[in-house]
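Notes follow the structure.
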Amino acid sequence: MASKAIGNPLIRHIATRGYAQAAPAARKEPRLQSAVLPNKTFVAALDNGSPVTRVTIAFRAGSRYEPQTELGISHVLRSAAGLTTKNASGFIISRKLTQIGASVSASGDREFIYYTLEATQDNLQTALEYLNNIISNQEFRPWELADNLPRLKYDIVALSPQVRAVDLLHKAAYRRGLGNSLFISPKRIGKVSSESLQHYTSNFLTPGNCAVAIVGDNQDRANLIAQTLQLSSSGQAQSEPSTYYGGELRKEMGGELAHVALAVQGAPAGSPQALAFAIAAKALGNGPVTKWGADNSPISKAVGNVGPFAAAGFNVSYSDNGLYGIVLSVPKDEAAAAVKNAAKLLKSPSLSADAIKAGKNQLKLQVLSEADEATSLAENMAAQGLYTGSVRSAADIAKAIDQISSSDITQALSNSARNKISMGAAGNLAFVPYIDEL
């Protein structure tokens, strides 16, 4: 018997559509909108036609705002997301979100705390009610906070030594404010009270400190979300500008490796210098670009042949300051030469034209790739709004990267090289030089 595929004319087979095949959806052109509401809440929306909507509600409530008597409270606040509220128990919240296929996560950095919701379009309204409840009606019942202590302990013990080195670097560079750790000290676990958390949220989770970003819906929806939040209007985020001091902190942890973070002062978010430092950090290198391949980056060449090691440039920009530096992991016996060579590279005001070109391309790839990840994009939009009061698309940021010249980068690096270097180190530090030996 002849095949049916042969029996049907090829042209007709391509031109006709079977009833079981869905019609292709019309491609929706993404539309980015933003505004500041009368209550000073920033709202932004990217309507890209996605079947899954991501909503991020961010607050200026990161670790830099912690009182010196309540260090670690922002970590406890992040960890307490989803516990019992005034209107629903933690069990009900978890069960209802699971039933509608939605999820809520809480994360944070030194500037902001982010609450992010992911839900399908048809269940978005129900999910938003629970998100509003999680943010606006937190109760922080003492027995639930006590039950949550093992989670805090796990967060601490799960930290990689590289993260510990960068955390120590911030403390050495800024002392207070931006120097406050992202994580609660083990000695402080169980010491943060329900009353302290309520006071912190009433002061910092306010409309003026809030940004609402939505990916997969329009700005009308973002405005409605912001207007339905039941936030205290009595508090206002206050933090003294963080001064860059420079210094070093070391944590001896043993092992076979030394993990060192070196940095000089960078630039605040939203400034052209911040983009220049971001390009320079990519130009320094981030390890091999192919699996098992050779690393020909400036960092690799500067560190030299010291055995197996890992090194990467980094740049972080905050509202009033920043850090530009290198994170290095090396065998303990060869740490002295590797750290000194990395410090020399960091203080060098020049990078080759090829390295800068590669840095631009890698930074643009990162920016455009993050735009494809809707969750990261929503958090990025909220952070941009709180930093600068506006939002730029990934394409616009990529164009701005292209407009940064080599002279702009050289000038930024020359200015930073005049600052005192800072260092955070963790691991086996027997041969890690002190900062005054660099």
Quiz prompt | R0 of 30 Å, Cβ-Cβ distance Asp436-Asn296: FRET efficiency to nearest 0.05 | solution = 0.40
Quiz prompt | In order through segment 397-408: 3J(HN,Hα) via Karplus (6.51 cos²θ - 1.76 cosθ + 1.60), integer Hz, x for Gly, Pro | solution = 5, 4, 5, 5, 4, 5, 7, 6, 8, 4, 5, 4
Quiz item: In deg cm²/dmol, rounded to 500, what helix-only [θ] at 222 nm does the chain give when every DSSP H run of at least 4 residues adds -39500 (n - 2.57) and the total is split over its residues?
Solution: -12000 deg cm²/dmol
Quiz item: Cα convex hull of segment 193-333: how many Å³ per residue?
Solution: 219 Å³
Quiz item: Charges only on Cβ, +1 for Lys and Arg, -1 for Asp and Glu: so what's the dipole of the chain about the Cα centre, in debye to the nearest 20?
Solution: 400 debye
Quiz item: Does segment 45-136 come out rounded, prolate or oblate by the C-alpha gyration tensor, with a ≥ b ≥ c the root eigenvalues, rounded set by a/c under 1.5 and, if not, prolate when a/b is larger than b/c and oblate if not?
Solution: oblate
Quiz item: In terms of the ratio Rg/(2.2 N^0.38 Å) built on C-alpha atoms, what value belongs to segment 263-317?
Solution: 1.29
Quiz item: Translational D (Stokes-Einstein, µm²/s) of segment 111-260 at 4 °C and 1.567 mPa s when Rh comes from the Kirkwood sum over C-alpha pairs?
Solution: 70 µm²/s
Practice problem: Using a 1.4 angstrom probe on the protein heavy atoms only, line up Trp292, Trp143 by accessible area, largest first. | Solution: Trp292, Trp143
Practice problem: Using only the Cα atoms of segment 332-377, build the gyration tensor, take square roots of its eigenvalues as a ≥ b ≥ c, and label the shape rounded, prolate or oblate: rounded if a/c is under 1.5, else prolate if a/b is larger than b/c, else oblate. | Solution: oblate
Exercise. Can you spot the lysines whose alpha carbon is less than 30 Å from Lys251's alpha carbon? Ignore those fewer than 8 places along the same chain.
Key: Lys153, Lys171, Lys187, Lys191, Lys282, Lys301, Lys332, Lys340, Lys344, Lys347, Lys420
Practice problem: Please report, as a whole percent, how much of the solvent-accessible surface of the chain comes from carbon and sulfur atoms (probe radius 1.4 Å). | Solution: 53 percent
Quiz prompt | Cα-only radius of gyration and Dmax that characterise segment 259-397, units Å | solution = 16.0, 49
Self-check item: Average Cα contact separation per residue, the chain, under 8 Å, 6 or more apart, as relative contact order %
Solution: 21 percent
Quiz item: With a ≥ b ≥ c the root eigenvalues of the C-alpha gyration tensor of the chain, is it rounded (a/c under 1.5), prolate (a/b larger than b/c) or oblate?
Solution: oblate
Self-check item: Cα pair count fraction exceeding 16 Å, expressed as % - segment 343-423
Solution: 63 percent
Self-check item: Dimensionless Rg/Rh of segment 173-261 - Kirkwood Rh, Rg from C-alpha atoms
Solution: 1.11
Quiz item: Per-residue HN-Hα couplings for segment 348-353, Karplus 6.51 cos²θ - 1.76 cosθ + 1.60 at θ = phi - 60°, whole Hz, x for Gly and Pro?
Solution: 6, x, 10, 10, 5, 4
Quiz item: Given Cα pairs under 8 Å that are at least 6 residues apart, what percent is the relative contact order of segment 299-419?
Solution: 24 percent
Self-check item: Residue-normalised accessible area of the chain, expressed per residue, 1.4 Å probe, Å²
Solution: 49 Å²
Quiz item: How would you order 217-229, 96-108 from highest to lowest mean count of nearby Cβ atoms within 10 Å?
Solution: 217-229, 96-108
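The values are calculated or read from the model by the stated rules, or taken from the named source; none is laboratory data. Just so we're clear, the structure is a prediction, and the values are computed from it rather than from any experiment. Backbone-built Cβ (ideal geometry, glycine too); neighbour counts: all protein chains shown. Ligands, DNA and RNA are stripped out before the accessible areas are found, and what is left, the full protein with its side chains, is counted by its heavy atoms. Shrake-Rupley method; radii C 1.70, N 1.55, O 1.52, S 1.80 Å.
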